[in-house]
Amino acid sequence: MRKGFVTAGIFAMLASSSASATGLKIEIAGEANGTVMIDLLEDVAPQHVAQITALAKKGAYDGVVFHRVIEGFMAQTGDVEFGQSEGGDTARAGMGGSELPDIAAEFSELPFDKGVVGMARSQSPDSANSQFFIMFDAGHFLNGQYTVVGRVTEGQDVIDAIKLGTGGNGAVVGTPDMMKTVTVTE
């Protein structure tokens, strides 16, 4: 019971801290180099947007790698626990999250088209935390099963140039591309 109150309080704090946040500016480095602008959809997924913006404001996403990149599908990043390019355990990237609680699903009618940003999760729909993915192409089989949090408004060409992973799971071999800096925009 008490955990519910604490979790509700954390979400209220996160929502108030990101009330004016409307997007992210991501500087990508590696095989892909450049700036990506993302419009966050607070009206569609307010709790997810609040968590992403809180982590970005703390600098938690700076230096985090794109650990899972599948050609024609998506590039996944955001593992702030294991995905740090320096000092992280990138072999475990994709298995971690943040110190913040997992978020209940906020599914919508918005389709997973090229450039859409969705929240990664485990088998449980209510397990999203810090990881997200950006679509290379439409993936409508994800519709209604993953939370849409935003869309790329500039720099899709940079996303399309991210170093691809190998194999079915899209794990990146060698040095993966990374989010050098992630800044919340107003």
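The values are calculated or read from the model by the stated rules, or taken from the named source; none is laboratory data. Remember, it's a predicted structure, so these values are computed and weren't measured experimentally. Here the Cβ positions follow ideal geometry from the backbone for every residue, glycine too, while neighbour counts run over all protein chains shown.
Whether a residue is over 24 Å from Thr22 (Cβ atoms) and free of Cβ contacts under 8 Å to residues at least 24 places away in the same chain was assessed, and Thr90 does not pass this test. Condition test on Ser98, is it out of contact with any Leu (no Cβ under 7 Å at 6 or more places or on another chain) and either in a loop (DSSP other than H, G, I, E, B) or not hydroxyl-bearing (Ser, Thr, Tyr) (or both)? Against the criterion (out of contact with any Leu (no Cβ under 7 Å at 6 or more places or on another chain) and either in a loop (DSSP other than H, G, I, E, B) or not hydroxyl-bearing (Ser, Thr, Tyr) (or both)), Ser98 does not qualify. Annotation note: Cβ proximity below 6 Å between a residue of region 104-126 that is at positive phi and a residue that is part of a strand (DSSP E or B) and of a type in the set (Lys, Arg) (sequence gap 6+ or interchain) occurs for Gly115/Arg151. Residues that are under 20 Å from Lys180 (Cβ atoms), of a type in the set (Asp, Glu) and in contact with a helix residue (DSSP H, G or I) (Cβ under 9 Å, 6 or more places away or on another chain) within region 68-118 comprise Asp79, Glu81, listed in sequence order.
Checked against (1) of a type in the set (S, T, N, Q); (2) at pLDDT 95 or above; (3) over 19 Å from Thr185 (Cβ atoms), Thr53 meets all criteria but (3).
Among the residues making up region 143-180, those that are among the hydroxyl-bearing types (Ser, Thr, Tyr) and crowded, with 16+ Cβ neighbours inside 10 Å are Tyr146, Thr147. Selection of region 32-84 for residues being closer than 16 Å to Ala120 by Cα, in a helix (DSSP H, G or I) and free of Cβ contacts under 8 Å to residues at least 60 places away in the same chain yields Gln47, Ala50. So which pairs qualify, if the first residue must be in region 172-186 and closer than 15 Å to Gly94 by Cα, the second must be part of a loop (DSSP other than H, G, I, E, B) and among the polar types (S, T, N, Q), the Cβ gap must be under 6 Å, and the two must be at least 6 apart or on different chains? Listed pairs, sorted by first residue: Met178/Ser85. Considering region 20-31, and only residues there that are in a strand (DSSP E or B) and touching a Phe, Trp or Tyr at 6+ places or on another chain (Cβ under 9 Å), the residue that is farthest from Gly155 (Cα to Cα) turns out to be Leu24.
Among the residues of region 73-97, those identified as under 13 Å from Asn169 (Cα atoms) and at pLDDT 95 or above are Phe73, Met74, Ala75, Gln76.
Selection of region 107-120 for residues being of a type outside the set (A, V, I, L, M, F, W, C) and surrounded by fewer than 19 Cβ atoms within 10 Å (Cβ to Cβ) yields Ser108, Glu109, Pro111, Asp113, Lys114.
With respect to the conditions (1) part of a loop (DSSP other than H, G, I, E, B); (2) surrounded by 14 or more Cβ atoms within 10 Å (Cβ to Cβ), Asp126 lacks only one, and its number is (2). Scanning region 70-97 for residues that are closer than 19 Å to Thr166 by Cα and among the aliphatic types (A, V, I, L, M), we see that the one that is surrounded by the most Cβ atoms within 10 Å (Cβ to Cβ) is Ala75. Note on region 132-186: residues that are assigned to a loop (DSSP other than H, G, I, E, B) and of a type in the set (Lys, Arg) total 1.
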